[in-house]
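Report on the structure given below.
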Amino acid sequence: MKAWIDLHQMTETEMNEEITAKNEKIKSLEKEKIQLTNETKDLQTKIVAHEMFETQLKKKIFPKVHAVRNLQNEKTQLLNDLKAPQEQIKEHIINDKKQREEIN
């Protein structure tokens, strides 16, 4: 009720000034809304670009990671394969020495 009384006590110039101020505030808020909408779109675009980049990296990196693991496994297997003959050679040498000692 007080607002209604205040409204009637205002002069026409004061009301026009009030309306102009509120219209300017609305325009300012609309500009801010547009700016925030644009910023949101920019951020969404950056997010999508980042996700695409991440997907591409995964497509490129994961196969390489698996290839490296496979190579490491192969290397380990080859080293193990090399150790076995070395042990056999050592056993042969020891056996040969024993046989020679027995002969002598």
For the range 30-62, give me the residue count where each residue is of a type in the set (Phe, Trp, Tyr) and under 11 Å from the mean Cα position of the chain (by Cα). 1
From the options His92, His8, His50, residue that is modelled with pLDDT of 95 or more and assigned to a helix (DSSP H, G or I): His50
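The values are calculated or read from the model by the stated rules, or taken from the named source; none is laboratory data. These numbers come from a predicted model, not from an experiment.
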